[in-house]
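The values are calculated or read from the model by the stated rules, or taken from the named source; none is laboratory data. Model, not experiment: these values are computed from the prediction. So basically every Cβ, Gly included, is an ideal-geometry build from the backbone, and we count neighbours across all protein chains shown.
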Amino acid sequence: MHTWPLKFRELSDRRVIMADDSGSYFIAHQDFVERYAVGQLSRADTAFLREKGHTFRTEGDLSHTAFMSRWAQRQYVGGGPAYVILIPTLRCDLKCSYCQVSRAPLASKGFDWSDETLEQTLGFLDQLPGDEIQIEFQGGEPFLRIDHLKAVSEFARQRFRSARFVVCTNLQTLNDDIADFIKSDDVFISTSLDGPHHVHTRNRTANPELTQEFHRNLARVIDLVGSERVSALPTIDITDPPAAEELIASYEQFGFKSLYLRPVNYQGFARKIHPAARASESWSTYYRDFIDALIAHTARTGRVMEEFYLTHCLRRVLGPGADNHTDLRNPNIPSGANAVVDFNGLIYPSDEARMLARIKQVDLSIGSVAEGLDQDKLSLLAPGHINNFDPDCIHCPYQPFCGTDPIDDLSRSGRIDLPRGDSWFCQRHLGVFDLAFDLLYSDDPAVQHTLSKWLGLETLPDALKPVAP
């Protein structure tokens, strides 16, 4: 009998999470780990591993085939729509303290697509494979060039069988032209709501009246298109974060049932104004405390509010296929079908890559809409976007669920070859996955109720929580 290699990590209560390369996992106690380490598994141990698919007799038997099938599903990322971020303008009508793209002032010249760049961008979209696409408009403030948004959306609706548009906007302006655009069923709005009035004012508007205007516009958009087509997220200054209950209340005020906690990204202007964002050592503590408060809030009020990223990570743990969120894919090989077209027509593999170019740290462009993709650069970038062979990741039980972010490593450390455990990406996700497993295996009824609601289940079945003898 052969056993697939198991990776393990001790949780806060000294129980150990163990997993194989296919992502099949279970919780064990220290004595099981010791027996496994010295090759002295009991009959009960062996029977458990065989039942859970961690062993096989010979290559080609059903257990071996099942494992290889599970592993292959984890490695396959594809089959979905193309996902392209477009930057029609870098100009913005706000001066957010944590701006990560180094936006241009509202009156600046030379920071919008030219007519030629627009046409070349449409040509780039036309050459993408497949007949499904999601286009995300970012900036700057993309609604400053509503004409470009209309031109792109009209083209995409004709070119693709299915097209979906997301506008990432500060919602400081909402005129009739914008309102007409977002009424289309295929248009979705993503905005930032940093919490209570004073926090949003401090971080984004620097003006209480502008914050009130944003609140009015947000309420109007929700009335126009419904809450299911509007999403919001807070960006957290970890040196002065909002209280959990205040942040939850600010989202419930607008009827949101989901939020996505994000720390200030160490990019753009934020590098100077928020230098603490480079390490954010206290982020995991704040994040865990917030989730505890969120679960307690649900138990106390009966109103379910999910935290998007933890829910997404739980879905990745529970099975393959949760790959829609591009920040956490493995492999996540750069390609034209998952790219960013900047205001000047240059193409980048990710939004963070264009930010590094904006501050002149490194040029990671992979081509342009005028000249096409640079295949040599794509080949150079590819190895850094897979964690299967990283000398640290191969020993981590979370490797099948996790990813890698060499662009973030470059931003924070100036290199991509630092030991994985020293990277902010790794430290953050160790905390998230530790928390995910702590909650998944919790006996607290409030925790189990909240997680089941987040995952769309009536209850959490015991099959999702295997425990070794």
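Out of (1) part of a strand (DSSP E or B); (2) modelled with pLDDT of 95 or more, what's the single condition that is false for A339? Every listed condition holds for A339 apart from (2). Has the stretch 373-391 got at least one residue that is without any contact (Cβ under 8 Å) to a residue 40 or more places away in the chain, under 26 Å from N324 (Cβ atoms), among the aromatic types (F, W, Y) and not in a helix (DSSP H, G or I)? For the stretch 373-391, residues without any contact (Cβ under 8 Å) to a residue 40 or more places away in the chain, under 26 Å from N324 (Cβ atoms), among the aromatic types (F, W, Y) and not in a helix (DSSP H, G or I): present. Evaluate the following for D444: is it buried (at least 20 other Cβ atoms within 10 Å of the Cβ), of a type in the set (D, E) and either in contact (Cβ under 8 Å) with a residue 12 or more places away in the chain or out of contact with any Lys or Arg (no Cβ under 9 Å at 6 or more places or on another chain) (or both)? So D444 does not fit the description; no.
The residues of the stretch 38-57 that are without any contact (Cβ under 8 Å) to a residue 40 or more places away in the chain, surrounded by fewer than 17 Cβ atoms within 10 Å (Cβ to Cβ) and not in a helix (DSSP H, G or I), listed by number, are V38, G39, Q40.
The set of residues from the stretch 378-403 being closer than 24 Å to A357 by Cβ, in contact with a Phe, Trp or Tyr (Cβ under 9 Å, 6 or more places away or on another chain) and modelled with pLDDT of 90 or more comprises just one member, G403.
Criterion applied to R9, R35 was being in a strand (DSSP E or B), surrounded by 13 or more Cβ atoms within 10 Å (Cβ to Cβ) and among the charged types (D, E, K, R), and the one residue passing it is R9. Would you point out the residue of the stretch 290-309, among those that are farther than 22 Å from V230 by Cβ and aliphatic (A, V, I, L, M), that is surrounded by the most Cβ atoms within 10 Å (Cβ to Cβ)? Here the answer is I295. The set of residues in the stretch 412-425 that are more than 20 Å from the chain's Cα centre (by Cα) and either basic (K, R) or in a helix (DSSP H, G or I) (or both) comprises S413, R415, D422. The residue pairs whose first member lies in the stretch 426-440 and is assigned to a helix (DSSP H, G or I) and surrounded by fewer than 20 Cβ atoms within 10 Å (Cβ to Cβ), whose second member is at pLDDT below 95 and hydroxyl-bearing (S, T, Y), and whose beta carbons are closer than 6 Å, counting only pairs six or more residues apart or on different chains, are G431/S284. Whenever a residue of the stretch 190-219 is at positive phi, its partners that are aliphatic (A, V, I, L, M) and modelled with pLDDT of 95 or more, lying with C-beta atoms within less than 6 angstrom and at least six residues away or across chains, give the pairs G195/L247. A Cβ distance below 9 Å, combined with a sequence gap of six or more or placement on separate chains, defines the contacts here; from the stretch 303-325, residues that are in contact (Cβ under 8 Å) with a residue 60 or more places away in the chain and among the β-branched types (V, I, T) reach residues that are buried (at least 17 other Cβ atoms within 10 Å of the Cβ) and assigned to a loop (DSSP other than H, G, I, E, B) in the pairs V317/G23; V317/Y398; V317/P400; V317/F401.
Return yes or no: is Q138 surrounded by 22 or more Cβ atoms within 10 Å (Cβ to Cβ) and at negative phi? Considered against the rule, which asks whether it is surrounded by 22 or more Cβ atoms within 10 Å (Cβ to Cβ) and at negative phi, Q138 comes out as yes. In the set L62, L122, only one residue is surrounded by fewer than 18 Cβ atoms within 10 Å (Cβ to Cβ), more than 27 Å from the chain's Cα centre (by Cα) and not charged (D, E, K, R); that residue is L62.
On the stretch given as the stretch 359-372, residues that are surrounded by fewer than 20 Cβ atoms within 10 Å (Cβ to Cβ), of a type outside the set (D, E) and farther than 16 Å from L86 by Cβ total 5. Among the criteria (1) under 30 Å from P445 (Cα atoms); (2) outside any loop (DSSP other than H, G, I, E, B), the one A322 does not fulfil is (2). A Cβ distance below 6 Å, combined with a sequence gap of six or more or placement on separate chains, defines the contacts here; from the stretch 287-299, residues that are polar (S, T, N, Q) reach residues that are surrounded by 21 or more Cβ atoms within 10 Å (Cβ to Cβ) and in a helix (DSSP H, G or I) in the pairs T298/T450. Checked against (1) under 30 Å from R412 (Cβ atoms); (2) at pLDDT 95 or above; (3) touching a Leu at 6+ places or on another chain (Cβ under 9 Å), T121 passes all but a single condition, namely (1). Would you confirm, using the coordinates I've provided, whether L118 is in contact with a His (Cβ under 8 Å, 6 or more places away or on another chain) and among the aliphatic types (A, V, I, L, M)? The answer is yes for L118.
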